[in-house]
Amino acid sequence: MRRTGLSAMALACAAVLAGAVPAFADGTASPTPVPSRSAEPTKAPSPATSAEPTRAPSDDQVSVRPSGAPNTGEVTPSSGSATGGLIGGGAAAAIALGGGVFLVRRRRANGV
Amino acid sequence: MSPLSRRAFAGAALASLLVACGGPGTTTGSSTSPPPSVSEASVPPPAKSVAALGRSVPVGLKIPAIGVDTSVMQLGLAADGTVEVPPIAAHDRAGWYRHSPTPGQTGPSVILGHVTVGSYGDGVFRHLGELNRGDKVVARLENGKSAVFAVTAVQTVAKADFPTDEVYGDVDRPELRLITCGGPRTGDGYQDNVIVFATLST
């Protein structure tokens, strides 16, 4: 009796596990549609642009208002601040080196 | 180490520290000076009203005061919802935001251009911030007509405080907005936008 009870429990556990596997499979499968859904809104503005003449008589004079500030300035990788930093760093290194030479000379003079 | 050499070491360390701070210090000094020019001159525009033009897409732009004579492309929205900008190229051009009125129509027509184009150097709107009230801006239209505007205000504003309503909001006459970047440079761009406001004059 006890053995059949245990085997029944084992069977139940196996059934639960078996049921859980497809559930996990569904769970892993479901995220893949999400990027395709997020891709849809990015496509949404393009039909809007193609339908521009029909949008003209809308309430606002600027029918689609952009968000944020426009990025109308591409800077060069080597900007003025970067070269300033390099010059400062180089000068600091040169002075530190000079200080080191001075110390070595002092040490030699003292004969330590 | 003798007291004298210790003093020399301390002196050298202090000198190197001072120089290291001096390098970036000069650049931060120059970057702190522009912020006071947040609002240059927002003068009320002239009262006379000029008849609006019909819809016609802009194809060219001339600003004689700063030597601009460029073709005009069309711009839409970028994927992140901001306005598109013209491509980075050696001879870049200005771009008209196609969801705004065409120049000469009632409303704020918006034209954008780069101040610098990376390694190519100066952009088409490099000297936009040097415009003054009354300077002429001519938009050549697809139908062969021209819309002539007069500058009413030039503003330099922090990008974080971009005046969306002032730029894109409804107005009761034909107006023009010329937009580029300006102010102090950071590692990945400019901190400010330069905005020129103009109204149709003829």
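The values are calculated or read from the model by the stated rules, or taken from the named source; none is laboratory data. All values reported here derive from a predicted model rather than from experimental measurement. Counting neighbours? That spans all protein chains shown, and the Cβs are built from the backbone with ideal geometry, glycine included. Protein only, heavy atoms only, side chains kept; ligands, DNA and RNA dropped before computing areas. Shrake-Rupley method; radii C 1.70, N 1.55, O 1.52, S 1.80 Å.
Give me the extension gain from B:ARG173 to B:GLN74: residue separation times 0.36 nm, minus the current Cα-Cα distance, reported in nm with one decimal.
Values: separation 99, 0.36 × 99 = 35.64 nm, distance 2.22 nm.
That pair, B:ARG173 and B:GLN74, stretches by 33.4 nm at full extension.
With every protein chain in place and a 1.4 angstrom probe, the accessible-area ranking of B:TYR190, B:TYR168, largest first, reads B:TYR190, B:TYR168.
Each of B:THR202 and B:VAL59 was given a label point 7 Å from its Cα along the Cα-to-Cβ line. The distance between the two points is 2.1 nm.
Contour minus end-to-end for B:ALA160 and B:ILE66, with contour as 0.36 nm per residue of separation and end-to-end as the Cα-Cα distance? Numbers along the way, then the final one.
On the way: separation 94, 0.36 × 94 = 33.84 nm, distance 2.72 nm.
In short, 31.1 nm is gained.
Tell me: how much accessible area in total is hidden between A and B, 1.4 Å probe, Å², nearest 100? Buried area (both sides, nearest 100 Å²): 3700 Å². A loss of 20 Å² or more of accessible area (1.4 Å probe, protein heavy atoms, ligands and nucleic acids excluded) relative to the isolated chain is seen in these residues of segment B:73-87: B:LEU77, B:ALA79, B:GLY81, B:THR82, B:VAL83, B:VAL85. With Cα atoms as the point set, the radius of gyration and Dmax of segment B:56-200 evaluate to 14.0, 42 Å.
Provide the FRET efficiency to the nearest 0.05 for the B:GLU142-B:ASP188 pair, computing r from the beta carbons and using R0 = 45 Å. Efficiency, from the Cβ-Cβ distance: 0.80.
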